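Below is one structure, written out as structure tokens; comments come after it.
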Amino acid sequence: MKRFSSLMFLLAVLLWGCHSKKAEQQTNAVYTSTTPLVTDVNLPQSYVANIQSLRNIEVRSQQEGILQQIFVSEGQHVRAGQPLFRIAIVGEDEEIAKARSEQEQAEIDLQNTSKLTENNVISPNAKRMAKAKLQSASADYKLAVLRKKLAVIRAPFAGVLGRIPQKMGSFIQQDDLLTTLSDNSQMQVYFNISETDYLVFQQHPDLYMHLPLKLLLANGSTFPAQGHIKDISGQFDNATGTISVRSLFANSKGLLRNGQTGTVQLLVRKSHAIVIPQEAVYELQDRKYVFVIDKNNVVHQRQIQISSEATGIYVVASGLRPEDHYLTDGIQKVNDGDRVRTRFVSPRQAIKSNEITI
């Protein structure tokens, strides 16, 4: 029994010693404190984007006939004026020959009528009728030649072809879809912004119209070229409360295609923002807190609301005032109500993020 009591006494001494040592370490610890940085700040903002070609058209047949030749393949890059398809029109050569013959006959009739009119054999009206007949025959001939020319369908501009649904030998009717053609030299990237962001844009129009944009692709990679805002839609969508923004991205390597999606990132300016480092914040049950220090160097847990964030920083919406002192480190080592020793650093020293422009 005496031996057991001695062991318990030794254990109590050890525990007291450890606790005393820990308390001494905590008392001797010096933590860093600061006040919030109040400044105008440019924060990265992300928007879901829809990517469209600068020009994207449907190539359709202008007349009916047999799809005689397909000169290209799906996905091929074509130059302006390059032949794409040939439509064989039944009797096209015969139609041209007939129209040419009728034109020549009308020319002869006009010559004969002119001589007879000069000799007063027939009235001047006969000459006018012969002249009108020649004009009609000439128009028919030009139309026949044009129809043959339209039988070869050419690319109206340089671009990339889409699907070719028709097969060679198929009967093609007028206005049938043959393929699509996309000019992907530049891409239009559309994204929607809120009314709040729109008002910020309007306060600094020169800044935002020249602001470089970053485009993130579906796999998370960053598109190599930067873009810029081209224009903003004339009205808001009442259903979503947003307005559409059109931006342009150069696409010299052809990586982007019509119909792709991505994410546009740009810097949105926030005035008089309350900025703190993320390392000063801890979470508890999905809520964010900081340790505020009172005039007696006692720390108090305080909940804050975050309006936006970037790498390394939070912008505080509520819960923290510009004059409040708070801990920037040691937040896992102190408890609510502890008295601490601190070393004050300036708010700018406490902000270590390289992702924002202040």
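The values are calculated or read from the model by the stated rules, or taken from the named source; none is laboratory data. Computed from a prediction, not measured in an experiment: that's the story for all the values here. Because the Cβ atoms are built from the backbone with ideal geometry, glycine has one as well, and the counts that use them run over all protein chains shown.
Just one of (1) surrounded by fewer than 18 Cβ atoms within 10 Å (Cβ to Cβ); (2) over 23 Å from residue 38 (Cβ atoms) trips up residue 279, so point out which.
The single condition residue 279 does not satisfy is (2).
Do you know which residues across the range 219-269 are surrounded by 16 or more Cβ atoms within 10 Å (Cβ to Cβ), of a type in the set (A, V, I, L, M) and under 18 Å from residue 182 (Cβ atoms)?
If the condition is that a residue be surrounded by 16 or more Cβ atoms within 10 Å (Cβ to Cβ), of a type in the set (A, V, I, L, M) and under 18 Å from residue 182 (Cβ atoms), then 225, 248, 256 are the ones that fit.
Do we find a residue being touching a Phe, Trp or Tyr at 6+ places or on another chain (Cβ under 7 Å) and not β-branched (Val, Ile, Thr) anywhere in the range 58-66?
Checking the range 58-66: not a single residue is touching a Phe, Trp or Tyr at 6+ places or on another chain (Cβ under 7 Å) and not β-branched (Val, Ile, Thr).
Please go through the range 312-324 and pick out each residue that is of a type outside the set (A, V, I, L, M) and out of contact with any Lys or Arg (no Cβ under 9 Å at 6 or more places or on another chain).
Within the range 312-324, 318, 321, 322, 323 qualify.
In the range 290-336, which residue that is in contact (Cβ under 8 Å) with a residue 60 or more places away in the chain and of a type in the set (Lys, Arg) is nearest to residue 41 (Cα to Cα)?
321
Would you mind stating whether residue 125 is modelled with pLDDT under 85, assigned to a loop (DSSP other than H, G, I, E, B) and over 20 Å from residue 174 (Cα atoms)?
No.
Would you tally the residues in the range 315-343 being on the phi < 0 side of the Ramachandran plot, more than 40 Å from the chain's Cα centre (by Cα) and surrounded by fewer than 12 Cβ atoms within 10 Å (Cβ to Cβ)?
Residues meeting the conditions: 5.
If the Cβ limit is 6 Å and pairs must be 6+ apart or interchain, which residue in the range 209-235 that is without any contact (Cβ under 8 Å) to a residue 24 or more places away in the chain and farther than 22 Å from residue 42 by Cα pairs with which residue that is of a type outside the set (A, V, I, L, M, F, W, C) and surrounded by 15 or more Cβ atoms within 10 Å (Cβ to Cβ)?
So the pair list comes out as 233/244.
Consider residue 294 against the criteria (1) out of contact with any Pro (no Cβ under 9 Å at 6 or more places or on another chain); (2) crowded, with 18+ Cβ neighbours inside 10 Å: it satisfies all of them except one. Which criterion is unmet?
(2)
Can you find a residue that is over 29 Å from residue 71 (Cβ atoms) and among the small types (Gly, Ala, Ser) anywhere in the range 251-262?
Within the range 251-262 (the criterion being over 29 Å from residue 71 (Cβ atoms) and among the small types (Gly, Ala, Ser)), the answer is yes, since at least one residue qualifies.
Could you please find all residues in the range 305-358 being among the acidic types (Asp, Glu) and either assigned to a loop (DSSP other than H, G, I, E, B) or modelled with pLDDT of 95 or more (or both)?
Result: 323, 324, 329, 336, 338, 355.
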